[in-house]
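Participant: Dumping the structure here so I can ask a few things about it.
Please treat every number below as a calculation from the coordinates, not as lab data. Please read all numbers here as calculations on a predicted model, not as lab measurements. A quick note on method: Cβ atoms are made from the backbone with ideal geometry, for glycine too, and the neighbour counts reach across all protein chains shown.
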Amino acid sequence: MNDEIAPKRPSAELDHIDRAILRMIQRDATLSLAEIAQEIGLTPTPCWKRIRRMEQAGVITARVALVAPALVGLDVSVFVAIETGDHSEGWIERFAQVVAKRPEVLACWRLGGDVDYLLHVMVPDMAAFDSFYRRLTAEVPSLRKVTSRFAMERVKETTALPI
């Protein structure tokens, strides 16, 4: 479903300089090429070539700005556990299509175990979540159980992988 996320080369091919570059740009993607090169002890050209190679290999998938949810009116964070009675390929594809078009869904994971899917949903308020919930359950048949857990406090959140 999300093959574009998978790296196209094994992580073993990343040397200590590649990993240092990745740690730096995960912390701050606005660093200039000169700043990155200076920090890791390269000149800008070989540094740029390494970054470009990692982009082409799919190791670096995007450069984004992180936004404070509350400051843009997204005050409610919900983790939605879904159990389905249908595990057919057609149902899985339909569910993925429905979830992909819902902007409220920040992440969706297909799981092994008693829960089939876990969604991270962000909305402005409870009314918006109720609307999301009603649309989701109307669009996707065969949901056996949908359990929502509302976040009280964000204790830790990072997008940086432990490289």
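Participant: Compute the distance in nm between two label points, each set 7 Å from the Cα along the Cα-to-Cβ direction, one at Thr61 and one at Asp125.
Facilitator: Going from the Thr61 label point to the Asp125 one covers 3.4 nm.
Participant: Taking the Cβ of Pro69 as the center, what net charge do the other residues with Cβ under 14 Å away carry, scoring Lys and Arg +1 and Asp and Glu -1?
Facilitator: On the way: positive: Arg154; negative: Asp75, Glu104, Asp125, Glu153, Glu157.
In short, -4.
Participant: For region 1-140, state the semi-axes of the equivalent ellipsoid (square roots of 5 times the eigenvalues of the alpha-carbon gyration tensor), sorted largest first and rounded to whole angstrom.
Facilitator: Each semi-axis is √(5λ); the values are 38, 20, 11 Å.
Participant: Given points 7 Å out from each Cα along the Cα-Cβ axis, report the Thr137 to Lys101 separation in nanometres with one decimal.
Facilitator: If labels sit at Thr137 and Lys101, their model points lie 2.1 nm apart.
Participant: For region 69-150, what relative contact order do you get, as a whole percent, if you take Cα pairs closer than 8 Å and at least 6 residues apart?
Facilitator: Relative CO of region 69-150 lands at 49 percent.
Participant: Output the antiparallel fraction of DSSP beta bridges having both residues in the chain, as a percent to the nearest 5.
Facilitator: 100 percent
Participant: Still on this structure, please answer the following. What is the angle, in °, between the Cα long axis of helix 16-27 and the longest principal axis of the Cα atoms in the chain? Nearest 10 is fine, range 0 to 90.
Facilitator: That helix lies at roughly 50 degrees to the long axis.
Participant: Could you give me the percent of Cα pairs per 5 Å distance bin for region 69-150, shortest bin first, beginning at zero and ending with the bin that holds the maximum distance?
Facilitator: For region 69-150, the pair-distance distribution reads 3, 14, 28, 27, 16, 8, 3, 1, 0.
Participant: Please list, in chain and number order, the residues 5+ apart from Leu106 or on another chain whose amide H is under 5 Å from its amide H, with Hs placed from the backbone.
Facilitator: Long-range HN contacts for Leu106: His120, Val121, Met122.
Participant: Next up: Counting only helical runs of four or more DSSP H residues, what would the 222 nm mean residue ellipticity of the chain come to if each run contributes -39,500 (n - 2.57) and the total is spread over all its residues? Could you put the intermediate results ahead of the total?
Facilitator: Details: 5 runs with 59 residues, N = 163.
That calculation yields -11000 deg cm²/dmol at 222 nm.
Participant: If the cut-off is a Cα-Cα distance under 17 Å, which aspartates and glutamates reach Lys156, setting aside same-chain residues fewer than 8 apart in sequence?
Facilitator: Cross-link targets: Asp75.
Participant: What FRET efficiency would be calculated for the residue pair Glu35, Glu153, taking the C-beta separation as r and a Förster radius of 35 Å, to the nearest 0.05?
Facilitator: Computed FRET efficiency for Glu35 and Glu153 comes out at 0.55.
Participant: Report, to the nearest 10°, how far helix 89-100 tilts away from the longest principal axis of the Cα atoms in the chain, using its own Cα long axis and a range of 0 to 90°.
Facilitator: The helix 89-100 is inclined about 70 degrees to the chain.
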